[in-house]
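I have placed the structure first, in the form of structure tokens, so that the comments after it can refer back to it.
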Amino acid sequence: MPVAQMFVLLCILVWLNETMDFPHLLWEAPPTPSNWREAVSETALIVIIGCLTILRLIHSITEQARTEEALQKSEEHLRAVLESARDAIFTKDRAGRYTHVNTACATLFGLTTDEMVGKTNFDLFAHTVAWHTREEMDRKVMETGEAITIEETKATDGVMRTFHVVKVPLRDINGKITGLCGIARDITTRKQAEERLRRHNSELTLLNRASQALNSTLDMDQVLTTVLEEVRHLLDIVACSVWLTDPATGELVCRQVIGPQKEIVHGWRLAPGQGLAGWVAQTGESLIVPDTHNNEHYFGGVDQKTGLLLRSILTIPLRIKRGVIGVLQVVDTEIARFKPADLMLLEPLANSASIAIDNARLVEAMHQHTIELQARNEELDAYAHTVAHDLKNPLAPIVGFADVLETDYTTMSKEEVERYLHMIARNGRKMSNIIDELLLLAEVRQVKKVALIPLEMATIVAEALQRLALIIEEHQAEITLPATWPVALGHPLWVEEVWTNYLNNAIKYGGQPPLVELGATVQADGDVCFWVRDNGDGIPLEEQARLFTPFTRLALTRAKGHGLGLSIVRRIMEKLGGHVGVESEIGRGSVFTFTLPGG
């Protein structure tokens, strides 16, 4: 028999001895044979029942102890699990009080677990949107008995974090809801990864769309606009621009810009190496400037002209096989706006843009070359026309008068000979003038760039009048000049040619006698408008538009002209950065103008 059971039986016998006076039954009053069996049977039954009862009680106590021990171990294990869990775990009663929280949950609120227990949402959030939202969710769980899943945001250590929260009802053994249990998991990293993936997919979509758009056109303006619009969509910045290198000067020219004050920046020129854009174009390296105030290369003239306080700039070179052709620049008023990730995003777009811009440039150059070639062909045709007709007209009288002199010289009077010689000389001068104008027109066209200097306009006009002295005398023209002339910039010999042509036409096609007035007006933009007014019959409106077209012959009053003079004037003004114009009304004369930059 096991020692434990023997000990239990011994305890039972001691108990019987004390409670049932068992020795007295056996020794003080010995039973007779008949009652001995009865006494023993009764006593044995009592002993057996007592033993069974005690054993059952001992078993029950033992099992209960084991259960309590197992439960205690289970609770300790569960508590260890809850305390080590990274998720925030909590329980609440129906009054909304926290009955248990783990360390992760308490830490979210900057409290200890003991400080959290007994508190409510109102204690933690007061009368805020978060308090009302949580109260509504808690009531829904405890009233409907249904679990809910939500996403919440909360500032932790100054950082906004996102939590995936599950709340389920707690029930007693009778199924009555006594509160709720919640688990909140920090999914900030996952949400950030999802956001990065979403942004990456969006960026790939935009880049693909930009690439398709760039490949769909060869028009320079459309290419540049497409590039900048895609950049603005990608980064949501204040402004962006494309600067291209001028092959002739090496300057960076702002060809296109999107953003405030764009009309000021468009067309701006930077000297080689000037500003951040110039530095990137020279070095071929991308550049992120977190704060322009701390960068020695920043060109502050942009801020002064536009009124924008630009602080962050990202500049990327536009590179092709032949080298850097310009830069793509994005700017913002926020400090440290651009990150390396933005640079990595824009560089593929800049590469695609470089190819598209280079292709558009080639097409633009080809188109311009075609236009120039067409113009040259037209001028060659015009030259041929002029040589064939305008030079032939004065040449025919020369040949005719010479033939007459050759055959009839001996029989002609002195007066006739002098008249014939005068006609030969006059037509010879006319041919010489035509040839000179043809040469001047060719010279003006061939010159790429001319240096502009301040003009002594009184001297230039005097030279032109001297050249026209004979025609002025022949027509008895009256010329009115201003007392002083404003200073303008130009090329003296070319400007003299302009005055000569304008004066010549005013005298030839003026009234009888010609009254010609010269003057100048300083315009609001600083340019100077010079003009010649005549008292002729005027020019019909439909013919005014064709006046400055090369080799154009007008009907009626302009029938005598050879069509070169005004085309030369237009060419000269184009080279000098000015422009020409005419105002005329039938019966009221004409005013011919040319404008030059002010000095």
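What follows draws every value from the coordinates through simple rules; no lab data is involved. These figures come from a predicted structure and were not determined experimentally. Positions of Cβ are generated from backbone atoms using ideal geometry, with glycine treated the same way; all protein chains shown enter the neighbour counts.
Structure above, values below:
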item	result
Charge context of SER241, other residues only, Cβ under 12 angstrom, K/R +1, D/E -1	+3
Fully extended contour minus Cα-Cα distance, from ALA126 to THR484, at 0.36 nm per residue	120.4 nm
Proximal charge balance of ASN535 [Cβ under 15 Å; K/R count +1, D/E count -1]	-3
Above-threshold pairs, the threshold being 31 Å between Cα atoms, out of LYS167/LYS191; LYS321/LYS575; LYS167/LYS339; LYS392/LYS449; LYS140/LYS191	LYS321/LYS575; LYS167/LYS339; LYS392/LYS449
Ordering of 188-196, 489-497, 459-467 by packing [mean C-beta count within 10 Å, highest first]	489-497, 459-467, 188-196
Length added when fully stretched, ILE177-ALA462, from 0.36 nm per residue minus Cα-Cα	91.4 nm
Paramagnetic reach from ARG269 (point 7 Å along Cα→Cβ, amide N under 13 Å) across the stretch 572-599	577
Among 329-336, 367-374, 93-100, 478-485, the order from most to least packed when residues are scored by Cβ within 10 Å on average	329-336, 93-100, 478-485, 367-374
Length added when fully stretched, HIS579-ILE435, from 0.36 nm per residue minus Cα-Cα	49.4 nm
